1. Loop only per DSSP, at most 14 neighbouring Cβ atoms within 10 Å: give me the chymotrypsin sites (Phe, Trp or Tyr not before Pro) in segment 157-214, ordered by residue number.
2. Could you give the distance between the Cα centres of segment 143-197 and segment 88-115, to the whole Å?
3. Restricting things to alpha carbons, find the Rg to Rh ratio for segment 136-205 using the Kirkwood radius for Rh.
4. Say each of A190 and E41 gets a label point 7 Å from the Cα, pointing the same way as Cα to Cβ; how far apart are those two points in nm?
Amino acid sequence: MRTFSSLLVRGLIAGLFAGLLAGTFAYVMGEPHIDAAIAIEEAGAPTHTHSDDPAATEAEEEPLVSRNGQRAGLFLATSLYGVALGGIFAVAFTLLRRRLRTTSDSYAALGLAAAGFIGIVLVPFLKYPANPPAVGDPETITKRTISYLLLLVIGLLAVWAGVAAARWAEARFTEPPAWVRLAFGTAAFAVTVIAAYLILPAVNEVPGTFPATLLWQFRLSALGTQTVLWLLLGFAFAGLADRRLKPVGTVVPAATGGVA
């Protein structure tokens, strides 16, 4: 229990650290593209009809949260998300540690972070990439959200299928080379993902007049934010977990002083 509590605290710390730096990346690399997309949206928005009520006109023009408030909230959002993700990561590490087949807790943490990034971020992104303001139909938001969440779950299942297939090949063949295990694992992962891509509906609601360069700059910045988050979470947790799990009070030869 003490070990899990310590790992959980370290997961929360690693998540907070990763969330803050991911928010910094999003602020520097993503916010300019959001401002540009908002400018395009406002330029193409229909003119409001004239109203004799100044309060109603002001309510139509003023956003619920100002852009400065949104920028400040960005760091809060990424920090909270990072803390939550760090806690979940610590729980997953505790449950799966003995199944990862490595004697290094650092490698186990990095491998788990890589698997999480692929299943939770990369697989859904390739099918349903993020869209900036002025892109997307509000009437399809429920459909898009459900499809995205389904693909996120399938992404995790695809990672599990890849690992299971690689281990099946290892058990099926006598001392198979690494490329055989890799081939089986990759094939199982790819088949699962491709099947999901074909079954789930396609979503293409980008207006033809929206600049393609701005669209992909925004999408890459969104992917970069998630990459920074998972990369830093993996390395931070690996360092903290490895330090925590080193044996304390190990008996050493008497010539060196007894107990370390």
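1. F173
2. Between the Cα centres of segment 143-197 and segment 88-115 lies a distance of 18 Å.
3. That ratio equals 1.20.
4. 3.9
We did not get these values from a lab; they are worked out from the coordinates using the rules stated. A quick note: this is a predicted structure, and the numbers were derived from the prediction, not measured. Quick reminder, even Gly has a Cβ in these numbers, built from the backbone with ideal geometry, and neighbours come from all protein chains shown.
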